[in-house]
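Below is one structure, written out as structure tokens; the observations come after it.
The values are calculated or read from the model by the stated rules, or taken from the named source; none is laboratory data. Being a predicted model, the structure only gives us computed values, none of them experimental. Ideal geometry is used to build each Cβ from the backbone, glycine not excepted, and the neighbour counts take in all protein chains shown. Areas reflect the complete protein model, heavy atoms only, side chains present, ligands, DNA and RNA absent. Shrake-Rupley method; radii C 1.70, N 1.55, O 1.52, S 1.80 Å.
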Protein chains: 2
Amino acid sequence: MENFRFFVPTDIRFGRDRLSELPEALAKFGKRVLVVYGGGSIKRSGLYERVMNQLSDFEVTELAGVEPNPRIDSVREGVKLARDNKIDVILAVGGGSVVDASKVIAASVPYDGDAWDLVKNPSLIDMALPLVDILTLSATGTEMNRNAVISNMETNEKLGTTGMNLIPQVSFLDPAETQTVSKWQTAAGSSDILSHLFEQYFARTANVDLQDFLAEALMKVVIKHGPIAFNEPDNYESRAELMWASSLALNGLENAGKPVGWTVHPIEHELSAFYDITHGVGLAILTPRWMEYALDEKTAPKFAQYGRNVWGLQGDDDMAVAKDAIRKTIAWYQSMDIPMTLPEVGIDESKLDVMAAAAVEHGGLTQGVYAPMQPADVEAVLRASMTAPVVD
Amino acid sequence: MENFRFFVPTDIRFGRDRLSELPEALAKFGKRVLVVYGGGSIKRSGLYERVMNQLSDFEVTELAGVEPNPRIDSVREGVKLARDNKIDVILAVGGGSVVDASKVIAASVPYDGDAWDLVKNPSLIDMALPLVDILTLSATGTEMNRNAVISNMETNEKLGTTGMNLIPQVSFLDPAETQTVSKWQTAAGSSDILSHLFEQYFARTANVDLQDFLAEALMKVVIKHGPIAFNEPDNYESRAELMWASSLALNGLENAGKPVGWTVHPIEHELSAFYDITHGVGLAILTPRWMEYALDEKTAPKFAQYGRNVWGLQGDDDMAVAKDAIRKTIAWYQSMDIPMTLPEVGIDESKLDVMAAAAVEHGGLTQGVYAPMQPADVEAVLRASMTAPVVD
């Protein structure tokens, strides 16, 4: 186990009907609140009104319309609103996109330059406005970490950034708010959580039983409860399991003491940057092909460990168990009606090479990852994703 | 899953050779430091000198001699020292006892009354001095939570207290510092960690897969690495697994959303209060007998889950798997030479009834626990602990 720092001071308020705690959570930071939200689902669900009812003692400014795969233009708009209104604290109400946009707004307000600088170069991030969020989607884990992902459609870039002061101060996690999430987004969110665990589980560091066993525990949670939530959208208990799992999957527990290099996310970011597809669906399509790429005689024991500890597979032949584990993973995605090919989400062969090159460059995939990749390797994974998956 | 708040803002600095970060960690709180430590093991190991070398810019006051099962007298002494020297921050250097004593000192300094009040009645705890610790023993989890256990030998009471402001601000966890821990204390510490997980795992709340799977993951870590550390005291990697597991076993992760009532700890606290035995050893002796007491047709599925997911036991007969799991647990304690009877730690039959009654009273064991106990039930468990364990 390598040295690590673990410092996750987010105050999690988990469960039903806790919005009456919102004024207390905000008031310590000030009176002027920028409320950031997305396309209107929180108005349809009634959450918007319930939030605003709690804000009668605050001066409220609103930034509406933050997109899935949030864009730097929305961030810039929020920065201007925050400066013009001398905002004290940001309240993000929505999914990971809304929280991520809010994080970069929070960091950009005191920054003397363009917000995109802070995405391109995280080391420029210093102070940030305090951020409180009310989460409505279980997926990204942003509610309990320092990361944000922002897209720039002008440059076809979707990049992650990070900063010590980007971690939310308070996160309200009410599983009931996720019961109105569509089947498609429930499946995609579950895929995203599972991918976060895969990205950190498949790493080269030895002597990390604790991190691996915790990751396996959370994988079992997602694998069990993702399909239940998919089939029974109102199942509060499975929504709760997914919601807390999404936070714990990416709050630093899994990679504390265990340096990891992510692979599938950087590749998927290129798909989203070029085609604006649903992130978790892109991950689901890519993951089995990446697993096949990474599987060899040296990595078979780890894939077999995944098969045995997560899927309960039996057998002494690591390679056979590993391949069965990949098949199980594919079947799990399919059980939630996630398409398993790129054409089904509108991606043709025309830009595979461009996206592959960009993924390697932006993701640094040639070293420090579980299975290093050159552009040709990524392109092969993308090309394999054009047709139905076969594990042989 | 029930509603919960999870707020664990301790800044964990885990790993080798991080003491150079100590001045930065302390300086934000002030210049006047009360250094609290135990019986001298930190002087023998050289840790004392390495710590003091970092404190040249601080005004240092020392409280030495804090006991295992820390006593209220030491706390009172610390409070006087802190007040007399206008202490800004407490630095605890040692095991759980030293940290626990420091927590109650920290809370008592601003309290206008006797420190024992705050142990008897946690609701009296309000503000506290900031606390930084350097841990030398993996066991209690106090380094990442709000709890403290203090003994009063005059009244034969060993009681836990808790308060929002008792959580350490910064905890330095260097597994290498635990390599000098004796085999006896290594075994006892591992037993303590495992018991924390048991206390929270065996609960009546339904729909807590996440909490249960996480607990099982940490149990597997302790069960694997406790005996390795016992047999190879210098094995850094196993010391690291135990150290981080001890923090995560009792930092709120396991009981978030899952109300739990502890049973074995309250009973053991009476053993320690009356006989000053090693806490983790008392837990090890009591645990198998408690498991047998709690095992019935209704609880067999949970004990069988423990057997299957933690010990890898096979078979469809829950009761048979459950009993095998208890046998495995006993064998695990014995593999680290932990005695399995009370006479071996110097406890005879003379006070079993008194301790049983006190445990039920102090621990509230008649309701809200996994298997409610009357004084006669506790006495039967203690009486069963007089002879070698047999699971039939």
For this session: Calculate, axis by axis, the spread of Cα positions in segment A:315-392 along the three principal axes, and write the results as whole Å, longest axis first.
Result: 40, 31, 19
For this session: Choose one of B:Leu135, B:Trp311, B:Leu218: the residue whose Cα lies farthest towards the positive end of the charge dipole of the protein assembly as shown (beta-carbon charges +1 Lys, Arg; -1 Asp, Glu; about the Cα centre).
Result: B:Leu135
Exercise. Nm distances between the label at A:Glu232 and the same-position labels in the remaining copies, 7 Å along Cα→Cβ, shortest first?
Worked result: 4.6
Exercise. Which distances in nm, rounded to one decimal and ordered from shortest, link the label point of B:Ser45 to the equivalent label points in the other identical copies, with labels set 7 Å from Cα toward Cβ?
Worked result: 4.8
Problem set entry | Nearest 10 degrees, 0 to 90: helix A:279-294 Cα axis against chain A principal axis | 30 degrees
Exercise. Given +1 on the Cβ of Lys and Arg, -1 on the Cβ of Asp and Glu, and no further charges, what dipole in debye does segment B:31-130 carry about its Cα centre, rounded to the nearest 20?
Worked result: 220 debye
For this session: Whole number in Å², please: accessible area per residue of segment A:181-383, 1.4 Å probe, ligands, DNA and RNA not counted.
Result: 32 Å²
Problem set entry | Relative contact order of chain A, pairs being alpha-carbon contacts under 8 Å that are 6 or more residues apart, as % | 15 percent
Exercise. Relative to the other copies, what are the label-point distances for A:Val354, with labels 7 Å from Cα along the C-beta vector, expressed in nm at one decimal and sorted shortest first?
Worked result: 8.4
Exercise. How large is the convex hull of the Cα atoms of chain B per residue, expressed in Å³ as a whole number?
Worked result: 125 Å³
Problem set entry | Furthest towards positive pole of dipole, A:Gly38, A:Ile125, A:Leu173, structure part segment A:9-175, Cβ charges | A:Leu173
For this session: May I ask you to derive the FRET efficiency for A:Gln374 and A:Glu154 from their Cβ-Cβ distance with R0 = 30 Å, giving the value to the nearest 0.05?
Result: 0.60
Problem set entry | Nearest-20 debye value, segment A:206-302 charge dipole, Cβ charges on Lys, Arg, Asp, Glu | 140 debye
Exercise. Based solely on its DSSP helices, what 222 nm [θ] is calculated for chain A when runs of n ≥ 4 H residues each add -39,500 (n - 2.57) and the sum is averaged over all residues, nearest 500 deg cm²/dmol?
Worked result: -15000 deg cm²/dmol
For this session: Identify, among B:Gly113, B:Gly95, B:Ala64, the residue whose Cα sits farthest towards the positive end of the charge dipole of segment B:9-175, taking +1 on the Cβ of Lys and Arg and -1 on the Cβ of Asp and Glu, with the dipole about the Cα centre.
Result: B:Gly95
For this session: Report, to the nearest whole %, how much of the accessible area of the protein assembly as shown belongs to carbon and sulfur atoms, 1.4 Å probe, protein only.
Result: 49 percent
Seminar exercise, completed: Expected integer from the mean partner chain Cβ neighbour count at 10 Å over A:204-215 is 5
Seminar exercise, completed: One finds, for B:Ile228 and B:Trp184 with R0 = 22 angstrom and r their Cβ-Cβ distance, a FRET efficiency to the nearest 0.05 of 0.85
Seminar exercise, completed: Buried accessible surface, B vs A, both sides, probe 1.4 Å, in Å² to 100, equals 3600 Å²
Exercise. A:Glu59 accessible area, nearest 10 Å², 1.4 Å probe?
Worked result: 110 Å²
Seminar exercise, completed: The size of the Cβ-based charge dipole (Lys, Arg +1; Asp, Glu -1) of chain A about the Cα centre, to the nearest 20 debye, is 620 debye
Problem set entry | Span per principal axis, largest first, for the Cα atoms of the protein assembly as shown (Å) | 83, 60, 48
